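Presented below is the structure to which this report refers.
Derivation of every value follows stated rules applied to the coordinates shown; laboratory data play no part. Predicted model only: the values in this text are computed from it and were never measured. Don't worry about glycine lacking a Cβ; one is built from the backbone with ideal geometry, like all the others, and counts go over all protein chains shown.
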Amino acid sequence: MGCSCQELIDPKEVRLDEILSAYQGKRGVLIPVLQEAQEIYGYLSQEVLQKVSRKLRIPPAEVYGVATFYSQFRLNPMGRHIIQICLGTACHVRGGAKVLKAFEEKLGIKDGQTTSDGRFSLEIVACIGACGLAPVVSINGDVHGRLTSDIVGEIIEKYI
């Protein structure tokens, strides 16, 4: 009862190796490499950051510094449902902070965190582009507008 070596090859690892090979020896490639690596894995693990550092011959501190400087990069896995809470001007003025607080209390997490069951991730965004519906939340791309803190529980229930 053996398994073939083909079964042990991780297609994500193969894709990352292809990307790193394509960029190897080129200058100014760190951000695109990190973007593509995150696209493959959904986030940038310590192992991925170390591999990028090794293969591109960029000091680990520089790779980590870029990954933590730009808000587009995630160092932890995201939940199945990504809740983006808008705190842009219109949403802020119309009670976005109260809506955020209600989500934090109901889920037991803060901005940038994921629930322990891996179901929900919470992130604050500057604008969703639905200012006329403020305050607005997007969950997996579904926009929920004109929110109040008292209906947050109902919205969460739709995704459980």
request  = For the range 111-126, enumerate the residues that are in contact with a strand residue (DSSP E or B) (Cβ under 6 Å, 6 or more places away or on another chain) and either more than 19 Å from Y159 (Cα to Cα) or among the aliphatic types (A, V, I, L, M) (or both).
outcome  = L122, I124, V125
query = Taking into account only those residues within the range 134-149 that are out of contact with any helix residue (DSSP H, G or I) (no Cβ under 9 Å at 6 or more places or on another chain) and not in a loop (DSSP other than H, G, I, E, B), which is surrounded by the most Cβ atoms within 10 Å (Cβ to Cβ)?
reply = S138
inquiry  = Could you go through the range 25-40 and let me know if any residue there is surrounded by 15 or more Cβ atoms within 10 Å (Cβ to Cβ) and farther than 30 Å from Q113 by Cβ.
reply    = yes
query = Within the range 44-56, can one find any residue that is of a type in the set (S, T, Y) and surrounded by fewer than 17 Cβ atoms within 10 Å (Cβ to Cβ)?
reply = yes
request  = Return the pairs, sorted by first residue and then second, in which the second residue is β-branched (V, I, T), the first residue lies in the range 46-66 and is in contact (Cβ under 8 Å) with a residue 60 or more places away in the chain, the beta carbons are less than 6 Å apart, and the residues are 6+ apart or on different chains.
outcome  = none
message = Filter the range 104-132 down to the residues that are more than 15 Å from the chain's Cα centre (by Cα) and within 15 Å of V143 (Cβ to Cβ) and list them by number.
response = C127, I128, G129, A130, C131, G132
note = Going through the range 110-133 in order, the residues found to be surrounded by 13 or more Cβ atoms within 10 Å (Cβ to Cβ), over 24 Å from V93 (Cβ atoms) and not charged (D, E, K, R) are Q113, T114, T115, F120, S121
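For every residue, the table says whether it meets (1) in a helix (DSSP H, G or I); (2) closer than 30 Å to R146 by Cα.
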| site | (1), (2) |
| --- | --- |
| G28 | no, no |
| L34 | yes, no |
| F73 | no, yes |
| P77 | no, yes |
| Q84 | no, yes |
| A97 | yes, yes |
| F103 | yes, yes |
task = Give just the number: which of (1) surrounded by 13 or more Cβ atoms within 10 Å (Cβ to Cβ); (2) assigned to a helix (DSSP H, G or I); (3) not aromatic (F, W, Y) does E154 not satisfy?
result = (1)
request  = Those residues that are surrounded by 13 or more Cβ atoms within 10 Å (Cβ to Cβ) and among the aliphatic types (A, V, I, L, M), I need them from the range 60-97; list them, please.
outcome  = V63, V66, A67, L75, M78, I82, I83, I85, L87, A90, A97
